[in-house]
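Trainee: Questions regarding the structure given below will be posed in turn.
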Amino acid sequence: MAAEAEPGPSAVVDTTDGGPAMRWVVTPLLAAFEPPMRWLQTKLGLRGLPYVFLLPTMAIFGLFSFLPALLNIYISFTGGASTILADRPFVGLRNYEALLACESIFVPKSCPVSGFGFWTGMWNTLLFAVIQVPIMTAVALATAIVLNREIRARGFWRALFFYPVMLSPVVVAVVWDWVLKRRGILNAGLTEFAEMRNALAAWGPLETVAKIAALLVVAALARRLWTLRAKGAWAVAALVACAGAAAWLVFAWDVRATVATQAWRPVNWLADANSSWPFFWVVFVYTWSHLGFFMLILLAGLQAIPRDLYEAAEMDGTPKWRAFVRITVPLLMPTLLVVLVLSLIRAFQIFDEVYVLTGGGPGTATRMVIQEIYESAFVSDAKLYGVAAAASVLLAGVILVLTLVQLALTRRKAGA
Amino acid sequence: MATLELSSVRKSFGATNVIHGIDLAIAHGEFCVFVGPSGCGKSTLLRMIAGLESVSGGEVRIDGKRVNELGASERGLAMVFQSYALYPHMSVRKNLSFGLENVRMPQAEIDRRVAEAARMLRLEPYLERRPGALSGGQRQRVAIGRAVVREPKIFLFDEPLSNLDAELRVRMRAELGALHERIGNTMIYVTHDQVEAMTLADRIAVLRDGRCEQFAAPLELYNAPANEFVAGFIGSPRMNFLKGTLAAAGAGDASVALAVGGEVHATGLTAAGAKRPTAGEPVTLGVRPEHLQLVAPGAGQADMKVDLTEQLGGESYIYGSLAEGATLVVRLAGQTRIERGQSVGVDFAGSSSLHLFDGEGKALARRTA
Amino acid sequence: MGRAIAFLTRTRNPGRVDWTDLLAYAYLVLGVLLILAPVVWLFVSSFKSQRALIESDPRFLPYEQVTAVLPGSSRPVNLVEWTAPDGTTRILAQLRLSGANVVLADPAKPDETFQVPRRDTRPHEIVRARFENYSEPTLGGGAAGTFRFGLYFGNSVFVTVVATLMTLAISSMAAFALAKYRFAGRDVFMLLIVATLLMPATVILVPLFIVVKNFGMLDSLWGVIIPGAATPTGVFLLRQYMLTIPDELIEAARMDSASEWKIYYKIVLPLALPAIAVLAILSIIWRWNDFLWPLVVLSRSETFTLQLGLSSFKGEMLDATHYLLAMTVLTLLPVTFVFAFLQKYITTGIANTGMK
């Protein structure tokens, strides 16, 4: 129907005049190019003109993407610390040997010095990606599903979840560093929480109050189950279990032991070398700051599923969970795959947040491969450009495969 | 048996009322059409019956039982959506069987129903295809099939033909009529197209601004519209309306002094409502284009200058203007010699059928052929 | 009351309380706490005194110990509130500790000292926001003069604005050519542009550095701006949108003897403005937050962007947390303001393109 058709470009013109900036700055600036472009048009004709339009973009791509990509391979076969290509001696495969001559690449210690850093970074990055990507995707999906419900002020919530994406990695790192310091607010809060629990455990009427409250919850559950008793044996079994739980709560539950706890011993979250906390917080902070972006993509995917499919399902008597499994999940799958691969590509390039937050430490616990490349080329005194280039070539292989998968998925999604 | 009753059903979104108390009773096996201009609330009303929108006031009863609080799935209805709402990732067979699997129907019964619906709707060759690979008409039939297999008490159709091209629409319209003949269920059908309404319906409810203007059989709407809106909405081109004042009113006759000049004395009238016409009240005279008589200039009650003639071969339309900007459309059978710029007389009193509406638009009296 | 319950439990099917609604709101509230709490904590902390930060005062408001310089002494001493056994409270100067006791004196009469149990005293504090945390590093005058906010901010704005304008100009030109002309090699160009997705800056860091150095753009903002000015995402975003502009419009303009350049900037650009706005937003986010590439290119602090400045400030000022937090707030404020005003366009724009 005409009323529901996409608004045509003419409708856009009316709404986007562009304002004074467009009228007084941009348009005159572009108009200044008119005479030379008109001259080019008479010289080259309509056939030649598209190449002129493409020239700036292709020149930059050529100089700053394709040329470096080729140089990368060349540099990886050269040695020395010079940045003048002619001065760089050809060393054959020596740089690759420095990275790959390990007894086992799974044990970075068995590698030469450069290889140790590279494989430590590689395995850390891989571990990071394998842990972070599923967590991020799951949380982003859950958030998108919640935001796709009929909730009040959806735009407000959506914006809040997106806000960390706007923050720069350096800001994000400072914010979390401040929270996670040994004497930071998180440790203070946990100490406070432990003290509160112990104070509660020492409170006289605790036992009575807790048991009554727990019984009320069990009773409410049992009442709901009672109305469902005709639905099958499971409801009856659950009722029996409720009775058992009630008996245990009253006669066997040691409330004070449940509530009381040891005093909290502050953890040096980002520097404790004897735990996995630094790695955990790197995953956490990275997820915190990038979640909103993937949430938006998934939300757009969810909103692209026509509403009336759910209404049709409702008319068909489909339970909500079944509508989710049979309609939402399959129709969201292409978007979900794109999100998975996109976040995987990005996870493999992680650098900024970790570099500022932990600097790769403690030790090499959170040292990622990009940091290794960056430091061996630009920070170390030796300026190991060749080794860094060789490491880049190896990393490029991984990214290449992932990106090709992503492109294939995007294309399939667009075609579907 | 499936009957549907609405009693003073209301719907409001926040502070805005969109349905203002509608009463309807639809009998078993009836094909009922809700028709009205866009924004009149006909789709909302259908969705309230379906259970997709909550009911703000009044009562919806199916088979005499109140269903206001029942969810869409518990009312035993099936709906065909305007966009068809076919599951794009499932084959036609899956689309048909999805709703049946929800209620844990035995597989043999599902297969039987799907096969029967596919046969009835000629979908057998396409059962393994996905909706994306079907034409518009085929998708439409799948959407209907999805409703048919459920064997619902009542079928609901929400503008089901509006996404089809004109030719296909006529064909599907006939198929829908045949389907109703064959399965005989109660059906409720929403459309803005009066031709669909007139051809399909047993009874039509004409809606405007959330109110039911008239609920009657198609020809009754045409012959005895309850008010000016229904008279103007049903029939194409629409009825001519002329403002005037009631000069005199008797038992079976009335004289109307037209605002454009001239007086029409109409005899053989029957009262349309309980209200007695009284002399001096403002009235509107309504005559359908096909009922007007053209005569020599000066011989009728008013003269009209012809602005445009449309010759369709089998019939002709004359568009003309009277004094003070009033316009008229006249339909003549066959072809005509009347040309643009010519002056012709219009004989209102001699029209085979005419209607009188009071100042509020309610029907006062009419003469029918 | 009944109406309140009806309001709270209203769902699509009236009369049914949907527990999943409650769960959804609980999730949202928890999520918002997790997202906002750290930022809010940073913000309030940035107004605290250096001493409160070193002591990791967990209180929300910026409390500050009040000190006084006693007559005959040059060192300020802390003031404490002492609750006397009779319940009255006095503000006294704390001279020193003595076991479980504390030696106090009236600031007016510093010679009359007396000892009271330590538990009867507590620090005398007032709430005071220290704006000096902000003014000293930026305006100088304090111990730290190294965070040149104005300079870094100017550099960041320059990089962001110039790079975004360049990106918009050249991407829209390329997109126009790819969307509205048929010419030999068009598919090859498309393929080449897609291929650049395979070589992000992170993977060609070393050669890119060498190329930029050989162009003499090291330690120059242009070295940050130019290499990233062309973006495959931008070209495809705009091309996709320009494909929806009807060819008839362009043909009509040609019939009106408009030059191709005029068609580009008078017809195609205004019509593609919604997509250009999305690309502008994306480019601004990318450029403002960019870290690794500026880190490689820029080594003199005169050329630092805000992100670099903040990062190096973090490295230098290990004991000046109060300045670091304040400067972090300054760095995140512009983005936060822009986001607060444009959040609707930003989120819907990115959701519609699904790329970053």
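Trainee: Considering the dipole of chain A built from charges on the beta carbon (Lys and Arg +1, Asp and Glu -1) around the Cα centre, which of A:LEU190, A:ALA31, A:LEU400 is farthest to its positive end?
Mentor: A:LEU190
Trainee: Cα-Cα pairs above 44 Å in the protein assembly as shown: how many percent?
Mentor: On the way: 379589 of 650370 pairs.
Result for the distance tail: 58 percent.
Trainee: Scan chain C and report its longest stretch carrying no chymotrypsin sites (Phe, Trp or Tyr not before Pro) that are both in a DSSP loop and have at most 16 other Cβ atoms within 10 Å. Don't skip to the answer; put the middle values down first.
Mentor: On the way: sites that count: C:PHE60, C:PHE131, C:PHE183, C:PHE215.
Free of exposed loop sites, the longest segment is C:216-356.
Trainee: Report the antiparallel proportion of the DSSP beta bridges in the stretch B:112-231 as a percent, rounded to a multiple of 5. List each step's numbers first, then the result.
Mentor: Values: 5 of 10 bridges.
Beta bridges within the stretch B:112-231, antiparallel portion: roughly 50 percent.
Trainee: With r as the distance between the Cβ atoms of B:THR270 and C:ALA184 and R0 = 60 Å, compute the FRET efficiency 1/(1 + (r/R0)^6) and round to 0.05. Intermediate results must be reported in sequence, preceding the final value.
Mentor: Working: r = 81 Å, r/R0 = 1.34.
So the FRET efficiency works out to roughly 0.15.
Trainee: Quick one: Karplus J couplings for the stretch C:87-101, per residue in order, coefficients 6.51, -1.76, 1.60, θ = phi - 60°, nearest Hz, x for Gly and Pro?
Mentor: Rounded to whole hertz, the list is x, 7, 10, 10, 9, 10, 8, 8, 8, 6, 9, 8, x, 7, 9.
Trainee: Set Lys and Arg Cβ to +1 and Asp and Glu Cβ to -1, take the dipole of the stretch A:199-333 about its Cα centre, and tell me which of A:LEU331, A:ALA210, A:LEU249 lies farthest positive.
Mentor: Farthest towards the positive end: A:LEU249.
Trainee: Hey, another quick one. Counting only other chains, and only Cβ atoms inside 10 Å, what mean value do you get across the residues of B:85-94? List each step's numbers first, then the result.
Mentor: Working: counts 9, 4, 8, 7, 7, 3, 0, 0, 0, 1.
Mean inter-chain Cβ contacts per residue within 10 Å come to 4.
Trainee: Tell me the label-point distance for the pair B:ASP209, C:LEU139, using the 7 Å Cα-to-Cβ offset, in nm and rounded to one decimal.
Mentor: 6.5
Trainee: Given a Förster distance of 30 Å, report the FRET efficiency between A:PHE324 and A:PHE280 from their Cβ-Cβ distance, rounded to the nearest 0.05. Before the final figure, lay out the partial values.
Mentor: Working: r = 30 Å, r/R0 = 1.01.
Efficiency, rounded to the nearest 0.05: 0.50.
Trainee: Now for a separate question. Using all C-alpha to C-alpha distances in the stretch C:190-233, build P(r) with 5 Å bins and read off the rounded percent in each one.
Mentor: P(r) for the stretch C:190-233, in whole percents per bin: 5, 21, 26, 25, 15, 7, 1.
Trainee: List the residues, sorted by chain then number, that are 5 or more residues from B:GLY244 or on another chain and whose placed amide H is less than 5 Å from its amide H.
Mentor: Result for B:GLY244 returns B:ALA259, B:VAL283, B:LEU285.
Trainee: Simple spin-label model, 7 Å along Cα-to-Cβ: A:ALA247 to C:VAL40 in nm?
Mentor: If labels sit at A:ALA247 and C:VAL40, their model points lie 4.7 nm apart.
Trainee: Among the trypsin sites (Lys or Arg not before Pro) within the stretch A:143-225, which fall in a DSSP loop and have no more than 15 other Cβ atoms within 10 Å of their own Cβ?
Mentor: Details: sites: A:ARG149, A:ARG152, A:ARG154, A:ARG158, A:LYS181, A:ARG182, A:ARG183, A:ARG197, A:LYS211, A:ARG223, A:ARG224; in loops: A:ARG149, A:ARG152, A:LYS181, A:ARG182, A:ARG183.
For trypsin sites (Lys or Arg not before Pro) across the stretch A:143-225 that sit outside H, G, I, E and B with at most 15 neighbouring Cβ atoms in 10 Å, the list reads A:ARG149, A:ARG152, A:ARG182, A:ARG183.
Trainee: Using amide H atoms built 1.01 Å from N in the peptide plane, name the residues 5+ places from B:GLY58, or on other chains, whose amide H lies under 5 Å from its own.
Mentor: Amide H to amide H, under 5 Å and 5 or more residues apart or across chains, B:GLY58 pairs with B:ARG10.
Trainee: Given springs between every Cα pair under 10 Å in a Gaussian network model of chain C, which of C:THR164, C:THR121, C:THR328 has the largest fluctuation?
Mentor: C:THR121
Trainee: Right, next: Sorted by average packing, counted as other Cβ atoms within 10 angstrom per residue and highest first, what order do B:290-296, C:223-229 take?
Mentor: Details: B:290-296: 18.0, C:223-229: 23.0.
Answer by packing, highest mean first, reads C:223-229, B:290-296.
Trainee: Could you work out which residue, out of B:ARG141, B:ARG66, B:ARG203, moves most in a Gaussian network model of chain B, that is, has the largest mean-square fluctuation with Cα springs under 10 Å?
Mentor: So, out of B:ARG141, B:ARG66, B:ARG203, the one fluctuating most is B:ARG66.
Trainee: Which percent of Cα pairs goes in each bin when the distances of the stretch B:7-163 are cut into 5 angstrom slices starting at zero?
Mentor: In whole percents, the pair-distance histogram is 2, 9, 17, 19, 18, 14, 11, 7, 3, 0, 0.
Trainee: Could I ask something else about it? How far apart, in nm, are two points set 7 Å out from the Cα along the Cα-to-Cβ line at C:LEU22 and at B:ASP63?
Mentor: Between C:LEU22 and B:ASP63, the simple spin-label model gives 3.5 nm.
Trainee: Here is a follow-up. Mind checking which of B:LEU96, B:PRO125, B:GLY76 is farthest towards the positive end of the stretch B:1-141's charge dipole, using Cβ charges of +1 (Lys, Arg) and -1 (Asp, Glu) about the Cα centre?
Mentor: Checking the options against the dipole of the stretch B:1-141, the answer is B:PRO125.
Trainee: Now a separate question. From the phi of every residue in the stretch B:230-240, what ³J(HN,Hα) in whole Hz does the Karplus formula 6.51 cos²θ - 1.76 cosθ + 1.60 yield, where θ is phi - 60° and glycine or proline is x?
Mentor: Karplus values, whole Hz, x for Gly and Pro: 5, 4, x, 6, 8, x, 9, x, 6, 4, 7.
Trainee: Tell me which residues come under 5 Å, amide H to amide H, from B:GLU213 once H is placed; ignore anything under 5 positions away on its chain.
Mentor: Here B:VAL206, B:LEU207, B:ARG208 satisfy the definition.
Trainee: Using the Karplus curve 6.51 cos²θ - 1.76 cosθ + 1.60 with θ = phi - 60°, work out ³J(HN,Hα) for each residue of the stretch A:370-382 in order, rounded to whole Hz, and write x for Gly and Pro.
Mentor: Listing the rounded values in order: 5, 4, 4, 5, 4, 6, 5, 8, 10, 9, 5, 5, 6 Hz.
Trainee: So, one more: State, as an integer percentage, the relative contact order of chain A based on alpha-carbon contacts under 8 Å between residues 6 or more apart. Write down the numbers at each step before the final one.
Mentor: On the way: 398 pairs, mean separation 105.5, N = 416.
RCO, chain A: 25 percent.
Each value in this text was obtained by applying a stated rule to the coordinates, not by laboratory testing. Because the structure is a prediction, the values reported are computed rather than measured. Note that each Cβ is placed from the backbone with ideal geometry, even for glycine, and that neighbours are counted across all protein chains shown.
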